[in-house]
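Here is the structure we will look at.
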Amino acid sequence: YTKKFKKNIYTLYSEELDAKASYRLSIENDLKVAIQNDELELFYQPIIDLNTNQLKAMEALIRWNHREHGLISPNDFIPIAEESGQIIEIGSWVLKTACRQNKKWQDSGILPFKVAVNVSTKQLQHYNFIHSVAKTLEEEMLEPKWLELEVTESILHEDVEFIKENLLRLKELGVCLSIDDFGTGYTSLNYLREYPFDKIKIDRSFIDDINRDLNGKRITSAVISLAHSLNMNVVAEGIENETQLNYLSDERCDEGQGYFFNRPLPVNRLKFN
Ligand code: C2E
Ligand code: MG
Ligand code: MG
Ligand code: MG
């Protein structure tokens, strides 16, 4: 009886695994042609200066218009691309497209702002990354100060010396560096000082908690003070309502981003005033 029961569990489990594995494989195969077929697109989400209400930056967020599955969110294919190595090619495409778009915006005469690009660990660990950033900026004729690179906090625990070295070299290029999803990766605060970051982005989960409990407020305030004491700016991600915005402004959070201001939008739907 037990044996049979166990066998059933095993069968279910392995079918689920099969489905996952074949999904992965199909995504991986389709990704190969996605760039050539022009199926990748960048959406942009404004990052606002909470003191002046000015547009400080646009974060580029990748979308995949899959011919069968429709719009696929980055969480459903970026991890696969990271594992397969395709993230290198995709990452280069993102960087080039974002820099080109920012240059276009600047040439159109609107007040200049940065473009923020998410960079995965695999890219930062790649021997050619620094060179490719420098080359892209040159080719797209964008000044380095208008590019911001966002790396997730978890990166700081891998390949420490090499990553640190690469971040320093990026800093020397003149680009702005920020830590994304801060608070989710257990970085010791002391550690933070050793890296050349300009900005901390507080993870959305803490902003969410501002409405819900006192801890959300306390953690958010603590991160803001920490960042300021280390001479860094702070960005709050995922601001969805006025209560959160008011709290963050009162606590002197520098910048904010979220559905309360704007959802990420394709270029032709962004409006500037
Ligand atoms: P992220 O860098 O932390 O980006 C913020 C995510 O939060 C985005 O999800 C954005 O749409 C979402 N968001 C912004 N404001 C709000 C809000 O008020 N409420 C809620 N619920 N969500 C909000 P998205 O676009 O699905 O991207 C997910 C993640 O995928 C990103 O998280 C980033 O880590 C990764 N990603 C996106 N584009 C790229 C890329 O070009 N390259 C790499 N390597 N990763 C990317
Ligand atoms: Mg980001
Ligand atoms: Mg990110
Ligand atoms: Mg984030």
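The values are calculated or read from the model by the stated rules, or taken from the named source; none is laboratory data. From a predicted model like this one, the values you see are computed outputs, not experimental measurements. Cβ atoms come from the backbone with ideal geometry, glycine included; neighbour counts cover every protein chain shown.
Things to note:
- When each of V33, V115 is tested for being within 27 Å of W146 (Cβ to Cβ) and not in a loop (DSSP other than H, G, I, E, B), the lone residue that passes is V115.
- From the list R100, R63, the one residue that fits, being among the basic types (K, R), farther than 22 Å from I163 by Cβ, modelled with pLDDT of 95 or more and within 16 Å of ligand 3 (Cβ to nearest atom), is R63.
- Candidate set from the stretch 136-165 (those that are modelled with pLDDT of 95 or more and not in a helix (DSSP H, G or I)); member that is nearest to the chain's Cα centre (by Cα): E150
- Those helices (runs of 4 or more DSSP H) of the stretch 192-273 in which 1 or more residues are within 18 Å of the chain's Cα centre (by Cα), surrounded by 16 or more Cβ atoms within 10 Å (Cβ to Cβ) and at negative phi occupy 204-210.
- Matching option when the condition is of a type outside the set (D, E) and in contact with a Gly (Cβ under 8 Å, 6 or more places away or on another chain), among Y191, Y195, Y259, Y186: Y259
- Members of the stretch 171-228 found to be among the polar types (S, T, N, Q) and away from ligand 3 (no atom under 14 Å from the Cβ), listed by number: T187, S188, N190, N211, N215, T220, S221, S225
- For the stretch 145-170, the set of residues classified as more than 16 Å from ligand 1 (Cβ to nearest atom) and either polar (S, T, N, Q) or surrounded by fewer than 17 Cβ atoms within 10 Å (Cβ to Cβ) (or both) consists of K145, H157, D159, V160, E161, F162, K164, E165, L168, R169, listed by residue number.
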